[in-house]
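Worksheet: one structure, shown below.
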Amino acid sequence: MNFTFEQYEESAQAIRARLNGFTPKVAMVLGSGLGYLGDEVENAAAIGYRDIPHFKASTAPGHKGRLVFGTLEGQPAAVMQGRMHHYEGYSYEEVSYAVRVLRLLGCETLIVTNAAGCVRTDWKAGDLMLICDQIKMFSESPLRGGNLPQFGVRFPDASRLYTPRLRELARACAKELGIPLREGVYFYCYGPQYETPAEIRAVRALGGDAVGMSTAPEVIAAAHCGMEVLGFTLLSNMAAGILDQPLSEQEVLDAGEAAKGRFSALVRACLRKL
Ligand code: HPA
């Protein structure tokens, strides 16, 4: 199925009707265990995904499934507390639907966050990583199907999905705050099962530093419609097969909780300087 431009407009209109003229400039997607930033938004108005036409529910653990509008560090923001994933049964077009709607509402920048497995054996669980690029070449594009020229061109450039200017800004903020920040490539995997040790060896050989089940589709859609993108990964656990122990969802959520202070400080500093 392909959504029509009118459907995106319909969603945007339903949201606008609740915002009393508020125009968000920065869209944020908060991943597993990282949703708390949404609770820090000032003068907040929250809208549940189920109250927005054509939006899907967010069913993953730690994902509240609502959009919070308000200001964070002085920036008018739209924060997605919870995202949609392909493994929940959604198409990539559905997964990235909200990003296009936020673009129509006025957002020019997208900040994406996620929890992911750490593929690098010289890094450790709990580290924060600035995403400098991504690999999503074994699954279809969110742009598959008829192109909607209102959003962008048929064959968009993908050589700078994560905006160089914003990466530089994030490096400077991390340095200023004394927060160690890795930099690497996010490798997208379908999930919902975590990867096998053999898959992680393959990911490593292909150039992935972090492995996760989200983010890459939304970033493609955002870049397509002209948004600048900044991405942070919390390396919540060592990827499969690195340690002699099974992976668990609880470990991912606990890592989010433990990184709260650092993560929130870094994102807030970036927002101040956008
Ligand atoms: N693999 C995939 N997705 C993840 C992981 C992982 O190890 N940790 C958190 N999200």
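The values are calculated or read from the model by the stated rules, or taken from the named source; none is laboratory data. Computed from a predicted model, the values in this text were never measured in an experiment. Positions of Cβ are generated from backbone atoms using ideal geometry, with glycine treated the same way; all protein chains shown enter the neighbour counts. Surface areas here come from the heavy atoms of the whole protein model, side chains and all, with no ligands, DNA or RNA. Shrake-Rupley method; radii C 1.70, N 1.55, O 1.52, S 1.80 Å.
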Of the residues 112, 99, 146, the Cα lying farthest along the dipole of the range 94-167 towards its positive end, which is defined by charges on the beta carbon of Lys, Arg, Asp and Glu, belongs to 146
Helix 197-206 versus the longest principal axis of the chain: what is the Cα-based angle in degrees, 0 to 90, to the nearest 10?
70
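Hey, if we sort 8, 190 by accessible area with the 1.4 Å probe, largest down, what's the order?
On the way: 8 0, 190 105 Å².
Final ranking, largest accessible area leading: 190, 8.
Normalised by the residues of the range 25-162, what does the relative contact order come to in percent, with Cα pairs under 8 Å and at least six apart? Numbers along the way, then the final one.
On the way: 205 pairs, mean separation 37.3, N = 138.
Once divided by the residue count of the range 25-162, the mean separation gives 27 percent.
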Take every DSSP beta bridge with both residues inside the chain and express the antiparallel ones as a percent of the total, to the nearest 5.
35
Round to the nearest 10 and report in Å² the accessible area of residue 177, as given by a 1.4 Å probe over the protein chains' heavy atoms.
80
On each of the three principal axes of the Cα atoms of the range 67-166, give max minus min coordinate, whole Å, ordered largest first.
44, 39, 31
Tell me, what ³J(HN,Hα) does each residue in the range 149-159 have, in order and in whole Hz, if you take phi through Karplus 6.51 cos²θ - 1.76 cosθ + 1.60 with θ = phi - 60° and put x for Gly and Pro?
x, 5, 8, x, 7, 5, 10, x, 5, 10, 7
Averaged per residue, what accessible area in Å² does the range 122-274 show with a 1.4 Å probe, protein chains only?
47
To the nearest 10 degrees, how steep is helix 249-273 against the longest Cα principal axis of the chain, on a 0 to 90 scale?
60
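Just to make sure I understand: if all protein chains stay in place, what is the order of 157, 244 by accessible area at 1.4 Å, largest first?
Working: 157 110, 244 160 Å².
Sorted by accessible area, descending: 244, 157.
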Using only Cα atoms, what is the ratio of the radius of gyration of the range 1-119 to 2.2 N^0.38 Å?
1.00
The ³J(HN,Hα) series, computed from each phi in the range 173-186 with the Karplus coefficients 6.51, -1.76 and 1.60 at θ = phi - 60°, rounded to the nearest Hz and given as x for glycine or proline, is 5, 4, 5, 4, 8, x, 9, x, 10, 6, 9, x, 9, 8
Can you give me the P(r) profile for the range 50-106? Cα pairs, bins 5 angstrom wide beginning at 0, each as a whole percent.
4, 18, 28, 26, 14, 7, 2, 0
Under Karplus coefficients 6.51, -1.76 and 1.60, residue-wise ³J(HN,Hα) of the range 93-103 in Hz, glycine/proline x
5, 5, 4, 9, 3, 4, 4, 5, 5, 5, 4
Using only alpha carbon pairs under 8 Å that are at least six residues apart, calculate the relative contact order of the chain and give it in whole percent.
25
Alpha-carbon centroids, the range 91-149 and the range 26-71: separation in whole Å:
16
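Give the relative contact order (percent, whole number) for the range 124-274; include only Cα pairs under 8 Å separated by 6+ residues.
Reported relative contact order: 37 percent.
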If the only charges are +1 at each Lys and Arg Cβ and -1 at each Asp and Glu Cβ, what is the size of the charge dipole of the chain around the Cα centre, to the nearest 20 debye?
540
Measuring from the longest principal axis of the C-alpha atoms of the chain, the long axis of helix 5-16 (C-alpha) lies at a number of degrees, nearest 10, equal to 90
Rg/Rh (Cα only; Kirkwood hydrodynamic radius) as it applies to the chain:
0.94
Quick one: among 235, 253, 206, which has the greatest mean-square fluctuation in a GNM of the chain with alpha-carbon springs under 10 angstrom?
206
Ignoring ligands, DNA and RNA, what percent of the accessible area of the chain is carbon or sulfur (1.4 Å)?
51
With no solvent and one point on each alpha carbon, what is the Debye value of log10 I(q)/I(0) for the range 121-179 at q = 0.18 Å⁻¹?
-0.86
